[in-house]
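Read the structure below first, then the notes.
The values are calculated or read from the model by the stated rules, or taken from the named source; none is laboratory data. Everything numeric here is computed off the predicted structure, so don't read it as measured data. Every residue, glycine as well, gets a Cβ built from its backbone with ideal geometry; the counts of neighbours run over all protein chains shown.
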There are 2 protein chains.
Amino acid sequence: MPRSHSTDIDGLIQLLAKLPGLGPRSAKRAALDLLKKRESVMRPLARTLEAVATSVDFCAQCGNLDTVSPCHICSDPRRDAGTLCVVEDVADLWALDRSEGYKGLYHVLGGTLSALDGVGPDDLRIASLVTRVSEGTVQEVILALNATVEGQTTSHYVADMLSETQVQITALAHGVPVGGELDYLDDGTLTAALNSRRGLED
Amino acid sequence: MPRSHSTDIDGLIQLLAKLPGLGPRSAKRAALDLLKKRESVMRPLARTLEAVATSVDFCAQCGNLDTVSPCHICSDPRRDAGTLCVVEDVADLWALDRSEGYKGLYHVLGGTLSALDGVGPDDLRIASLVTRVSEGTVQEVILALNATVEGQTTSHYVADMLSETQVQITALAHGVPVGGELDYLDDGTLTAALNSRRGLED
């Protein structure tokens, strides 16, 4: 079969298709778009990918991604080292921190327990969480895992592992999302919101 | 505001968000995914982007993207130099060539005429098409532009420009897509398919 484009471009398309959110077709579109924006996007992207791959790494303490370890959050003296928020993923950490409603520190587990995917406790940063909490500074651990079956299973496991320490363990509240319409909510959320109802003076 | 992640990562997210198909949120997800697959995807992607940006360029004759100019298609002696297929974009060229139903050469216009976007005839590779056809080898020009208003306007303009040459000008047939269900087709397509109906012995 005569080749309509070079194997170089094919290689680029195949690598782009590995990005989450891009399939084979959109990867081809992205490759063509990049070749049209060679100096403004393509080369800067190549340089940035290489630079970030070298400069950014996981924070040894909390598991966040940053150019320094401990990361900017862990080394920020204005943050409350007595509160630790446990999240599944770095993206969750960023989402919570963007809300600016939390001023404590974080601990990224790196996933959830999953028998199906073969993810056991040793594959997550649970041991380092127990060690961190055992050191005595932390007074409260907020379990902020996703409200999925895997997230809640992991939540229970982490709570069990921390039960021997004297730390207070809390979890995110379930309820109606701010701005959410009741009609569009699932039954589980509505039941949780009803069960956790509170006095108006709160 | 305390930073939850470094400006390096922000720069990467902003560049990834410029890819078609990725928004700010999916770009963040892609950046996190890349940082987890640093050696298997991130660094190879950086190297490939740089390599392709250097090695691949537009074919001076047809406008295809390739590592050589004239490209593999233009320099293939098995192809019929008497037929020229005019397409809007390199992606269209690849799509047509993938079908393997066409053995002639191509000419990429690089877009469509658009008063709204300020794209005039001089912004497209129309002059080089006329020159190429005037040289005498080409006997048939197939206009394979998209069946959009812009595509068809451009099609008419190109046909006008070529009218002084003795070349035969044809266009892609409109009709029912192979495997398509009539119920899901728009009225325009159905009308075109009816008007272009043919005897069963064809």
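Checked against the criterion of being farther than 17 Å from A:LEU32 by Cα and outside any helix (DSSP H, G or I), segment B:26-36 contains not a single residue that satisfies it.
To keep it simple, each residue is scored yes or no on (1) more than 16 Å from the chain's Cα centre (by Cα); (2) of a type outside the set (Gly, Ala, Ser).
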| site | (1), (2) |
| --- | --- |
| B:THR153 | yes, yes |
| B:ALA159 | yes, no |
| B:VAL167 | yes, yes |
| B:LEU172 | no, yes |
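Within segment B:142-154, the set of residues being surrounded by 15 or more Cβ atoms within 10 Å (Cβ to Cβ) and in contact (Cβ under 8 Å) with a residue 24 or more places away in the chain comprises B:ILE142, B:LEU143, B:ALA144, B:LEU145, B:ASN146, B:GLU150, B:GLY151, B:THR153, B:THR154. Taking residues in segment A:73-98 that are in contact (Cβ under 8 Å) with a residue 24 or more places away in the chain and closer than 18 Å to B:THR7 by Cβ, and partners anywhere that are surrounded by 14 or more Cβ atoms within 10 Å (Cβ to Cβ) and basic (Lys, Arg), the pairs with Cβ atoms closer than 8 Å and at least 6 places apart or on different chains are A:ILE73/A:ARG79. A count restricted to segment A:83-107 and to residues that are more than 16 Å from A:THR137 (Cα to Cα), surrounded by fewer than 22 Cβ atoms within 10 Å (Cβ to Cβ), more than 10 Å from chain B (Cβ to nearest Cβ) and not acidic (Asp, Glu) stands at 3. A:ARG132 falls short on exactly one of the conditions (1) within 14 Å of chain B (Cβ to nearest Cβ); (2) of a type outside the set (A, V, I, L, M); (3) under 30 Å from B:THR7 (Cβ atoms), and that condition is (1).
The requirement of being of a type in the set (Asp, Glu), part of a loop (DSSP other than H, G, I, E, B) and modelled with pLDDT under 90 is not satisfied by B:ASP183.
Among the residues of segment B:29-56, just one is touching a Leu at 6+ places or on another chain (Cβ under 8 Å), charged (D, E, K, R) and more than 30 Å from B:SER69 (Cβ to Cβ), namely B:ASP33. The residue list A:ARG25, A:ARG43, A:ARG38 contains one member that is more than 7 Å from every other protein chain (Cβ to nearest Cβ), more than 30 Å from A:GLU100 (Cα to Cα) and out of contact with any Pro (no Cβ under 9 Å at 6 or more places or on another chain), which is A:ARG25.
Can you work out which of the residues in segment B:46-82 that are among the aliphatic types (A, V, I, L, M) and at the interface with chain A (Cβ under 7 Å from one of its Cβ atoms) is surrounded by the most Cβ atoms within 10 Å (Cβ to Cβ)? Spell out the reasoning first.
First, pick out the residues of segment B:46-82 that are among the aliphatic types (A, V, I, L, M): B:46, B:49, B:51-53, B:56, B:60, B:65, B:68, B:73, B:81.
Add one more test, that the residue is at the interface with chain A (Cβ under 7 Å from one of its Cβ atoms), and what stays is B:46, B:49, B:51-53, B:56, B:65, B:73.
Working: B:ALA46: 22, B:LEU49: 27, B:ALA51: 15, B:VAL52: 25, B:ALA53: 20, B:VAL56: 20, B:LEU65: 25, B:ILE73: 21.
So, considering only residues that are among the aliphatic types (A, V, I, L, M) and at the interface with chain A (Cβ under 7 Å from one of its Cβ atoms), the one surrounded by the most Cβ atoms within 10 Å (Cβ to Cβ) is B:LEU49.
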